[in-house]
Amino acid sequence: MAKILMIISAADTLILADGSAHPTGYWAEEVAASHKVLVEAGHQVDIATPAGTRPTVDPISLDERGGVEAADGAEFRTYLDSIAASLDTPLNLASVKATDYDALYLPGGHAPMADLADDPALGTLLTEADQRGRTIAALCHGVAALLSATDATGTFLFAGRSLTGFTNDEERQGGLGDATPWLVEDRLSERGAHFRAGAPWSDTVVVDGNLITGQNPQSSVTTAKEVLAALRSA
């Protein structure tokens, strides 16, 4: 049995390009579907957030406003309810150690753009995990959290690495559009990552060594399965 740390944003608002506050949170499918795949494979999944704050699910990730079918939304809600004890009392991100985990898993929703993208404790954790060859997985807007890993010289830890995430086209088609404060694809590319965009809303996963990234909610299960494959081969 491996130990996996699922790191979830604690943000419930995102400041938009016009300065207004937009309600947000984690994306239900990305947490629920990923968590289910990992635990059904027999692994332990701990949940951590900044300051150990209870994370907020983005309400539109549970209904048609987020393009989610009613039956799927109900399934995600039921699963999240089943892990409520873990979600209600997450670990404090600043207190966890990379050496205690075989893999880190970063689901999305727009929320990581608000807190995880510049969280120094997460940056340290990602750097230590990468140095030890631990599996690092990020999904959709969760790849924004990788931006926290910058050294004292301003060098991005994942510069030169291939990855994917929520694309510019997807943000414009079904995300925040022009209201978004910044585009995940552009920001990661600017920092030196090799961003690999699949077709919008396709199940696309990129594996580069110990780094596993999924493009969107549709990639949740495949991303988690790639983590299982990495753990088996470790």
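Is the C-alpha gyration tensor of the range 154-234 telling us rounded, prolate or oblate? Criteria: a/c under 1.5 is rounded; beyond that, a/b larger than b/c is prolate, otherwise oblate.
Note, shape of the range 154-234 comes out oblate.
Residues whose amide H falls under 5 Å from that of ILE15, counting only those 5 or more places apart or on a different chain, are HIS22, with hydrogens built in the peptide plane.
Once backbone amide H atoms are built at 1.01 Å from N, ASN216 has CYS140, THR204 as its partners under 5 Å, excluding neighbours fewer than 5 places away on the same chain. With contacts taken as Cα pairs under 8 Å at a separation of at least 6 residues, the chain carries a relative contact order of 21 percent. Quantify, in whole percent, the carbon and sulfur part of the accessible surface of the range 155-198 (1.4 Å probe; protein heavy atoms only). Percent of accessible area from carbon and sulfur atoms in the range 155-198: 39.
Can you give the net charge of the other residues whose Cβ lies under 9 Å from the Cβ of GLU128, counting K and R as +1 and D and E as -1? Taking every Cβ under 9 Å from that of GLU128, the sum is +2.
Please give the calculated 222 nm ellipticity per residue for the chain, where each DSSP H segment of at least 4 residues contributes -39500 (n - 2.57) and the sum is spread over every residue; nearest 500 deg cm²/dmol?
Values: 7 runs with 71 residues, N = 234.
That comes out to -9000 deg cm²/dmol.
Here the range 87-158 is treated with +1 on each Lys and Arg Cβ and -1 on each Asp and Glu Cβ, and its dipole about the Cα centre works out to around 140 debye. Scanning the chain for trypsin sites (Lys or Arg not before Pro) in DSSP loops with at most 12 neighbouring Cβ atoms within 10 Å leaves 133-234 as the longest stretch between them.
With the dipole of the range 84-234 worked out from charges on the C-beta (+1 for Lys and Arg, -1 for Asp and Glu) around the Cα centre, which of LEU139, LEU211, PHE156 lies farthest toward the positive end? Ranked along the dipole, the leading option is LEU211. Please list, or write none, the lysines whose alpha carbon is within less than 19 Å of the alpha carbon of LYS225, excluding same-chain residues fewer than 8 places away. Partners within reach: LYS3, LYS36.
Distance between the 7 Å Cα→Cβ label points at ARG132 and SER162: 2.8 nm. Placing unit charges on the Cβ atoms only, positive for Lys and Arg and negative for Asp and Glu, gives the range 12-115 a dipole magnitude near 280 debye about its Cα centre. Across the range 93-110, coupling constants 3J(HN,Hα) worked out from phi with the 6.51/-1.76/1.60 Karplus curve, θ = phi - 60°, read 3, 5, 9, 8, 10, 4, 5, 8, 10, 8, 8, 10, 9, 10, x, x, x, 5 Hz, and Gly and Pro carry x.
Test of the criteria: in the range 15-107, which GluC sites (Glu not before Pro) are in a DSSP loop and have at most 16 other Cβ atoms within 10 angstrom of their Cβ?
On the way: sites: GLU29, GLU30, GLU40, GLU64, GLU69, GLU75; in loops: GLU69.
Here the sparse-neighbourhood loop sites are GLU69.
Here's the picture: charge each Lys and Arg Cβ at +1 and each Asp and Glu Cβ at -1 in the range 14-115, and of ILE15, THR99, ALA32 the one pushed furthest to the positive end of that dipole is THR99. Placing +1 on the Cβ of every Lys and Arg and -1 on the Cβ of every Asp and Glu, with no other charges, gives the chain a dipole of roughly 720 debye about its Cα centre.
ALA224 sits among other residues whose Cβ lies under 10 Å from its own Cβ, and their net charge, with Lys and Arg +1 and Asp and Glu -1, is -1. The simple spin-label model puts a point 7 Å past each Cα toward its Cβ; for ALA71 and ALA84 those points are separated by 2.5 nm.
The values are calculated or read from the model by the stated rules, or taken from the named source; none is laboratory data. Here the structure is a predicted model, which is why all the values come from computation and not from measurement. Glycine also receives a Cβ, built like all others from the backbone with ideal geometry; neighbour counts cover every protein chain displayed. Remember, those area values only see protein heavy atoms, side chains included, never the ligands or the DNA or RNA. Shrake-Rupley method; radii C 1.70, N 1.55, O 1.52, S 1.80 Å.
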